[in-house]
1. Search the stretch 99-115 for residues that are part of a helix (DSSP H, G or I) and pair each with any residue that is among the charged types (D, E, K, R) when their beta-carbon atoms are under 8 Å apart and the residues are at least 6 apart or on different chains.
2. How many residues does the stretch 132-153 hold that are within 21 Å of His335 (Cα to Cα), under 15 Å from the mean Cα position of the chain (by Cα) and part of a loop (DSSP other than H, G, I, E, B)?
3. Could you tell me which of the residues Gly434, Gly419, Gly380 is at pLDDT 90 or above and farther than 24 Å from Met204 by Cβ?
4. Regarding Asn200, is this residue open to solvent by less than 30 Å² (accessible area, probe 1.4 Å), in contact (Cβ under 8 Å) with a residue 12 or more places away in the chain and in contact with a His (Cβ under 9 Å, 6 or more places away or on another chain)?
5. Could you list, in sequence order, the residues of the stretch 8-47 that are open to solvent by 80 Å² or more (accessible area, probe 1.4 Å) and without any contact (Cβ under 8 Å) to a residue 12 or more places away in the chain?
6. Restricting to the stretch 237-271, give me the number of residues that are in a helix (DSSP H, G or I) and either open to solvent by less than 80 Å² (accessible area, probe 1.4 Å) or over 14 Å from Ser353 (Cα atoms) (or both).
7. For the stretch 333-427, please list each of the helices (runs of 4 or more DSSP H) lying entirely inside it that holds at least 1 residues being more than 25 Å from Asn27 (Cβ to Cβ) and out of contact with any strand residue (DSSP E or B) (no Cβ under 9 Å at 6 or more places or on another chain).
8. Quick check on the stretch 278-288. Is at least one of its residues within 27 Å of the chain's Cα centre (by Cα), surrounded by fewer than 12 Cβ atoms within 10 Å (Cβ to Cβ), aliphatic (A, V, I, L, M) and not in a helix (DSSP H, G or I)?
Amino acid sequence: HPDWLCTLCAMAATMATRARALLARLNDPRDVAATRAVCAVLLLGEFVLCGLIVWKVPYTEIDWRAYMDEVGGYLGGERDYLKLKGDTGPLVYPAGFVYIYAWLKQLTGGDIFLGQCAFVGVYVIHLAIVLAVYAEARCVPPWALAALCLSKRIHSIFVLRLFNDCFAMAFAYLAVFLFQRKRWVSGFVAFSLGTSVKMNVLLMAPPALVLLVGGERLSVACAAVAAAVLAQLAVGYEFLSAHPASYVRRAFEFSRVFIHHWSVNFKFVPNEIFVSPAFAAALLACHLTVLLALAHRRWHRHGGGFFPRFIVDFFARAAFDAPAKVPAAEFDPAHVARVLFEGNFVGIVFARSLHYQFYEWYYHTLPLLLWGGSCDALPGGSPTRIALMATVETCWNAFPSTPTSSLVLLAAHCVILGGIWTSKQPPATRASGGATMREGAENRRGVLRRRTARKSE
């Protein structure tokens, strides 16, 4: 019947219009409501998924029992770091690690299943902090946030391996969120707490200092750094007051050389070269060179570059505690996240050894790097970015790693780093951010007006 057919066509047209509107919202980084809805769905889904993994997937022992042995000595009254050991060797992490895993030992009694259940909660809290960083940045399409939850290796690191990297990076992402809010002192305290669990958090220190020193008064910068130092001293006080030399020597051992066999990175390099001081020095030189180059080309471009404007401006302002020409209060939260994530990624590219749990150090930064403005020069749009993430994930899931998988991983890292280097730096200040927020508010008001109009009809 013609009327029936017309009604069906109208319904189909309405559904198609709504589907297009939904897709447009899911592709709009400025749509706050869509971002929040996606975040809520992801958190709920991940809570259920992690529970299913704990229930269905067998646990594989790696470090949990060693962690329990190491903190067992502390709970037994030992305060000499040189005497705290586990099945896999001596304790090599700072005091924050000891307190967290001592609490877990008391909470679970060392039971693996209860530890896994606790790590389900850690995973969800960690993901919530990461999503808060992305929601604050408003530079990644809501649909791309799903990429934060698609790694098999990351789920394994949390709920099947129970590694301390999970806690360290939770504090690191909390620091990023606080930096986005311009809470520098509390942000550096969170940063210091992450470092007290594992030192990899220090990879974000250079870009964090560029943001802090380049955007704040000297008094604020000194207060933030002092807060970080005091937090570190407070965490380690129990050991520093008893055996200071043992604690510093063991907890902050920068000269440690990881075993070539377990490395995911540079597996194609012969072992005698891999463990050599010359190779380590070359990687460190490359790391520092690229950091300085990015600081000049991207991170402080709004202030005229790092050389010499950043340095000249710092000494000119320091004597009078004067504000920066482009104050940190005007930094776009997306700029803050990009700078920190780019600096962290450079450290990953030039790390001599990456063990499987180290994937947690940067996996959650990849969507922002790829879709959030750092790699706009990469051709191919989203398919290229999805392919890069899939390539990185595949290399990290190759066990044991091979020279080929290691070489492919390095190539993927270099492609991303090349995209960062060749891309135009997005605006650092809120000049465009304010317009973005106004546009978002206007869009929401327009949606409300249309809904009201439809209801009145």
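The values are calculated or read from the model by the stated rules, or taken from the named source; none is laboratory data. Just so it is clear, the structure is predicted and the values come from calculations on it, not from any experiment. Every residue, glycine among them, receives a Cβ derived from its backbone with ideal geometry; neighbour counts consider all protein chains shown. The protein model used for the area step is the full one, side chains on, heavy atoms only, and it has no ligands, DNA or RNA in it. Shrake-Rupley method; radii C 1.70, N 1.55, O 1.52, S 1.80 Å.
1. From the stretch 99-115, the pairs are Tyr101/Glu70; Ile112/Glu61.
2. 1
3. Gly380
4. On the way: open to solvent by less than 30 Å² (accessible area, probe 1.4 Å): yes; in contact (Cβ under 8 Å) with a residue 12 or more places away in the chain: yes; in contact with a His (Cβ under 9 Å, 6 or more places away or on another chain): no.
For Asn200, the condition - open to solvent by less than 30 Å² (accessible area, probe 1.4 Å), in contact (Cβ under 8 Å) with a residue 12 or more places away in the chain and in contact with a His (Cβ under 9 Å, 6 or more places away or on another chain) - is not met.
5. Scanning the stretch 8-47 gives Leu8, Met11, Met15, Arg18, Arg20, Leu22, Leu23, Val41, Leu44.
6. Initial filter on the stretch 237-271 (in a helix (DSSP H, G or I)): 237-240, 244-251, 260-262, 271.
Going one step further and asking which of them are either open to solvent by less than 80 Å² (accessible area, probe 1.4 Å) or over 14 Å from Ser353 (Cα atoms) (or both), we end up with 237-240, 244-251, 260, 271.
Number satisfying all stated conditions: 14.
7. 333-349, 381-397, 403-422
8. No, the stretch 278-288 contains no residue that is within 27 Å of the chain's Cα centre (by Cα), surrounded by fewer than 12 Cβ atoms within 10 Å (Cβ to Cβ), aliphatic (A, V, I, L, M) and not in a helix (DSSP H, G or I).
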